[in-house]
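Everything on this sheet refers to the single structure shown next.
Bear in mind that the values in this text are calculations on the coordinates, not laboratory data. Computed from a prediction, not measured in an experiment: that's the story for all the values here. With ideal geometry, Cβ positions are generated from the backbone for all residues, glycine too; neighbour counts draw on all protein chains shown.
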Amino acid sequence: MEDKTHPFIKYLESLREREDRGALAALRRGMGHPPGTVPAMYPYVVRWLPKERWKEAAYYRIAALFAYHSMEGGRGNLGDHFAKARDPQGDDTAIERRFTALLAAHPDDFDVYLRQAVSFLRSKNKPINWNQLFYDVQRWGNPDSREYVQKNWARAFWGRPQQEKEATETDQ
């Protein structure tokens, strides 16, 4: 997990804190559109774009999704967020199926699955660690980096709870 909050994420958080509804509405317009194709987003995103053009899509994706679900307080990665959305008394088959589809998403289809994941977490009132998701989304386009992200998300979702891990380690 990245420790330092990226300046772009700090900027998005400042829009939420200032309750800049106009800016957030402009960013939400990017939902469901290919990254970088919605001119209303340009005043809020372009100044933050890096020199590496292959990273640009992540800025547009995260800006639109953040504006849609800007709840603060998320910790961990997307796997952690999905794990927290489980119903302790319920059947997690649907959540697992949704999460597995996200993990298996091809880079060309990733936007759709990511948007559905954020929408699901929003419906469950679960916050997202936008800083970590921003870094993870940037890595999704590279097969080696994507595998690293997939494994981290999977460990967080299917791994044993931390308290259980610590108890096992002290017993040994």
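Using the Kirkwood radius over C-alpha pairs as Rh, can you work out the diffusion coefficient of segment 7-171 via Stokes-Einstein at 20 °C, viscosity 1.002 mPa s, in µm² per second?
129 µm²/s
Assigning unit charges at the beta carbon (Lys, Arg +1; Asp, Glu -1) and nothing else, what dipole magnitude in debye, to the nearest 20, does the chain show about its Cα centre?
Using Cβ point charges on Lys, Arg, Asp and Glu, the chain gives about 620 debye.
Please compute the length gained on full extension between Val46 and Ala104, using 0.36 nm multiplied by the number of residues separating them and subtracting their Cα-Cα distance.
Contour length minus the Cα-Cα distance gives 17.9 nm.
Which net charge results when you count Lys and Arg as +1 and Asp and Glu as -1 among the other residues whose beta-carbon is under 15 Å from that of Glu17?
Charge balance near Glu17 sits at 0.
Using θ = phi - 60° and the Karplus relation 6.51 cos²θ - 1.76 cosθ + 1.60, list the HN-Hα couplings for segment 32-42 in order, rounded to whole Hz, with x at every Gly or Pro.
For segment 32-42, the Karplus-derived couplings read x, 10, x, x, x, 10, 10, x, 4, 7, 3 Hz, x marking Gly and Pro.
Apply the Karplus curve 6.51 cos²θ - 1.76 cosθ + 1.60, θ = phi - 60°, to the phi angles in segment 46-58 and return the couplings in whole Hz, x for Gly and Pro.
My calculation for segment 46-58 gives 3, 5, 9, 5, x, 5, 6, 4, 5, 8, 4, 4, 4 Hz in order.
Could you work out the relative contact order of the chain, using alpha carbon pairs under 8 angstrom and six or more residues apart, expressed as a whole percent?
It rounds to 26 percent for the chain.
Quick one: Cα centre-to-centre distance for segment 99-129 and segment 11-28, in angstrom?
21 Å
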